[in-house]
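The block underneath contains the structure these notes are about, expressed in C-alpha cells.
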Amino acid sequence: MIKATAFVLSTVLFSGLTHAACVKPEAPVLPDASTAVTAQMVKAKNDVQAYMTGANAYLECVSNDKKHNRMVKSMKKIGKQFNVAVRSYKERMANS
C-alpha cells in the first residue's frame, strides 16, 4: 500500500513538473529591413534562432495537438518574416 501511494504521489508530482516546464516562447520583434543596420539584423537572427530553439523545446513538451499546431504555425510565420526581411536587407545593401 505504501509503495502504491508513493508511486501515485511521485507520478503526480513529476507530471506537474513536466507540464510546468512547457514554456511557450515569445515571438521576436523583427526590425524594419528598409531602415535596419547590420547590428539589428544580427540581433534579429540571434533572436529568431533562440525563438526556434525554445519553440522546439515547447513542441517536445506540449501534448495538446491544438497548442502544438499553433506553435508550428507561429514558427513558420516567424521564419518566413525573417527570411523576407533578410532578403530585403541584402537587396538594399547591394543597391547602396
Hey, LYS24 hits all of (1) part of a loop (DSSP other than H, G, I, E, B); (2) surrounded by fewer than 14 Cβ atoms within 10 Å (Cβ to Cβ) but one; which does it fall short on?
-> (2)
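Would you mind stating whether VAL29 is of a type in the set (Val, Ile, Thr), under 30 Å from SER96 (Cβ atoms), at pLDDT 95 or above and surrounded by 11 or more Cβ atoms within 10 Å (Cβ to Cβ)?
Numbers: of a type in the set (Val, Ile, Thr): yes; under 30 Å from SER96 (Cβ atoms): yes; at pLDDT 95 or above: yes; surrounded by 11 or more Cβ atoms within 10 Å (Cβ to Cβ): no.
So VAL29 fails the test.
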Just one of the numbered conditions (1) farther than 30 Å from ALA94 by Cα; (2) of a type in the set (Gly, Ala, Ser); (3) modelled with pLDDT of 95 or more; (4) assigned to a loop (DSSP other than H, G, I, E, B) is not true of ALA55; which one?
-> (4)
Cβ pairs under 9 Å, 6+ apart, first in region 64-86 and among the acidic types (Asp, Glu), second part of a helix (DSSP H, G or I) and surrounded by 12 or more Cβ atoms within 10 Å (Cβ to Cβ) | none
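The values are calculated or read from the model by the stated rules, or taken from the named source; none is laboratory data. Values in this document were obtained by computation on a predicted structure and should not be read as measured data. For neighbour counting, all protein chains shown are included, and Cβ atoms are generated from backbone atoms with ideal geometry for every residue, glycine included.
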